[in-house]
Structure formats: structure tokens, C-alpha cells
């Protein structure tokens, strides 16, 4: 049994994980979720604090703590290793941004070539080169319609501007076992693009999973299986 601490991406809401949590519980595991700060001045330290508070308030953590970071949380989750009330046994990056020392989340896009990779993937899959960003087409294309409507009806705040302006403060990746799960149908961070970034920055190979950028909403059962390693890697 493990406790999965689930950190959302740019959406910042614990709701993002609402389909995954019961799948983990059905497999005998526990989960901690949290809403992240939405104030425009909130930065990396405030995000670390929010996650540490959620873990501390959860109480009675069962088994090792596995930290799961979605998308933008790739910038903040490594800072949480060593800063949470209990040690992080494993860090799992999910369709995530991988920072380099001194890089801001605002600079990451150009530094990695994300826009070009998204455009090339769109062209190869019949959407045409450099399509205008569309929330439904880029993020929710494989999410059930009723879940998509619930997400969009709730609205939500954009991630804090401060988060994109702060240089990533670590000089190296934390010494915590790390895995990288990447959706095969991710239109925003295409699989082959992520292979190159992850290999270059972490020296790891990505583990392919079914689904797009929001796998916790579109493929919660398959994602839970991979998180608890009941499927072969």
C-alpha cells in the first residue's frame, strides 16, 4: 500500500484527480489531493507549502509516499522532495514539464521547442500546421463529454504569473527515484518531443501510457494500473 500525493498542473484544482482517486483506492492505496494557490503572486515556495500542508493534514499516511506531478507541476514537485512531512519514495512525472537549472517556466516553451513540436504533431495527425490553441481540441479531445463539460463549466483561474517568472532554483535533480509517464495521444506535449526532452534533461526513457494530456480524466483506470505497476513496463 502507498499514499499517492497528486499535484495538479496549470488548472491547480484537486478536482483534476477526482476520477483517479477512487481507482487508486480500489487497488488498496491512499491518495492526497489539494487545490494550489491561485493568487497571481504565488510562486514555487507557495506551491511547495500548499502540498506540504495537504500531506501534513492528511494524517495516518499509509506506506511509502509517491509524489505525482501533472504538466506544469514538473517545475514545483522536485522542490517538494525533502520538504514534505515524510520522505518521498518516488517521484512520478505525468505529461510534465522538465525544468533545467535556472530556467523559468516562461522560458521553457521556447527553450524546448514545444510550439514547433506541437505544430508538427498537429500536421502529422491531420489538424494542419500550427493550429490555433483550442482547449477542447488540445486538452479534452479524449475526455468523456460529461467530464469535459463539468470542467469547463467550473471555469477556474489561470496559473499565477509569478510561477512563470521564477528561475528553477535547483542545481540538479533531487536524488529520488523518478519515473516519467507520457500519453501517446498528447497533442500539447507530443510523445516524441517528450522523449527527447526527458532523455536530454533527466537521462530517462519515458513510459508510454494511453491517452492525451489529461490522462487522469480520460484514462483513470489505465493510469492507476501504471502508477501501482500492475501492468508491465
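So, residue 25, is that one more than 13 Å from the chain's Cα centre (by Cα), modelled with pLDDT under 95 and in a helix (DSSP H, G or I) or not?
In short, no.
Taking the condition of being on the phi > 0 side of the Ramachandran plot and in contact with a helix residue (DSSP H, G or I) (Cβ under 8 Å, 6 or more places away or on another chain), how many residues in region 47-106 meet it? So that I can check it myself, show each step before the final result.
Initial filter on region 47-106 (on the phi > 0 side of the Ramachandran plot): 59-60, 63, 71, 82, 95, 102.
From what is left, the residues that are in contact with a helix residue (DSSP H, G or I) (Cβ under 8 Å, 6 or more places away or on another chain) are 95.
Going through region 47-106 one residue at a time, the tally reaches 1.
Only one of these conditions is not met by residue 117: (1) more than 24 Å from residue 7 (Cα to Cα); (2) in contact with a helix residue (DSSP H, G or I) (Cβ under 6 Å, 6 or more places away or on another chain); (3) not in a helix (DSSP H, G or I). Which number is it?
Failing condition for residue 117: (3).
Identify all residues within region 14-32 that are surrounded by fewer than 20 Cβ atoms within 10 Å (Cβ to Cβ) and closer than 17 Å to residue 93 by Cα; write none if there are none.
Correct list: 14 only.
Give me the pairs, please: first residue somewhere in region 4-17 and without any contact (Cβ under 8 Å) to a residue 24 or more places away in the chain, second residue anywhere and surrounded by fewer than 23 Cβ atoms within 10 Å (Cβ to Cβ) and part of a strand (DSSP E or B), beta-carbon distance under 9 Å, and either six or more positions apart or on two chains.
14/33
Taking residue 180, is it touching a residue at least 60 places away in the same chain (Cβ under 8 Å) and in a loop (DSSP other than H, G, I, E, B)?
no
All but one of (1) loosely packed, with under 13 Cβ neighbours inside 10 Å; (2) in contact with a strand residue (DSSP E or B) (Cβ under 8 Å, 6 or more places away or on another chain) hold for residue 203; which doesn't?
Result: residue 203 fails condition (2) only.
In region 184-199, which residue that is touching a residue at least 12 places away in the same chain (Cβ under 8 Å) and farther than 22 Å from residue 134 by Cβ is surrounded by the fewest Cβ atoms within 10 Å (Cβ to Cβ)?
Once the filter is applied, the top-ranked residue is 195.
Just to check your reading of the model, which residue among 96, 73, 89, 69 is in contact with a strand residue (DSSP E or B) (Cβ under 9 Å, 6 or more places away or on another chain), in contact (Cβ under 8 Å) with a residue 12 or more places away in the chain, in a strand (DSSP E or B) and surrounded by 23 or more Cβ atoms within 10 Å (Cβ to Cβ)?
Working: 96 fails: in a strand (DSSP E or B); 73 fails: in a strand (DSSP E or B); 89 fails: surrounded by 23 or more Cβ atoms within 10 Å (Cβ to Cβ).
Unique residue meeting the criteria: 69.
Looking at residue 63 and the list (1) in contact (Cβ under 8 Å) with a residue 40 or more places away in the chain; (2) closer than 23 Å to residue 155 by Cβ; (3) more than 14 Å from the chain's Cα centre (by Cα), which single condition is not satisfied?
(2)
Quick check on region 135-155. Is at least one of its residues touching a strand residue (DSSP E or B) at 6+ places or on another chain (Cβ under 9 Å) and either over 14 Å from residue 72 (Cβ atoms) or surrounded by 13 or more Cβ atoms within 10 Å (Cβ to Cβ) (or both)?
yes
Of everything in region 127-162, what is out of contact with any helix residue (DSSP H, G or I) (no Cβ under 6 Å at 6 or more places or on another chain), assigned to a helix (DSSP H, G or I) and in contact (Cβ under 8 Å) with a residue 12 or more places away in the chain? Give them in sequence order.
Result: 135, 136, 137, 138, 148, 151, 152, 154, 161, 162.
Looking only at residues that are touching a strand residue (DSSP E or B) at 6+ places or on another chain (Cβ under 6 Å) and in a loop (DSSP other than H, G, I, E, B) in region 37-62, which one is farthest from residue 11 (Cα to Cα)?
Of everything passing the filter in region 37-62, 62 is farthest from residue 11 (Cα to Cα).
The values are calculated or read from the model by the stated rules, or taken from the named source; none is laboratory data. Everything numeric here is computed off the predicted structure, so don't read it as measured data. Glycine also receives a Cβ, built like all others from the backbone with ideal geometry; neighbour counts cover every protein chain displayed.
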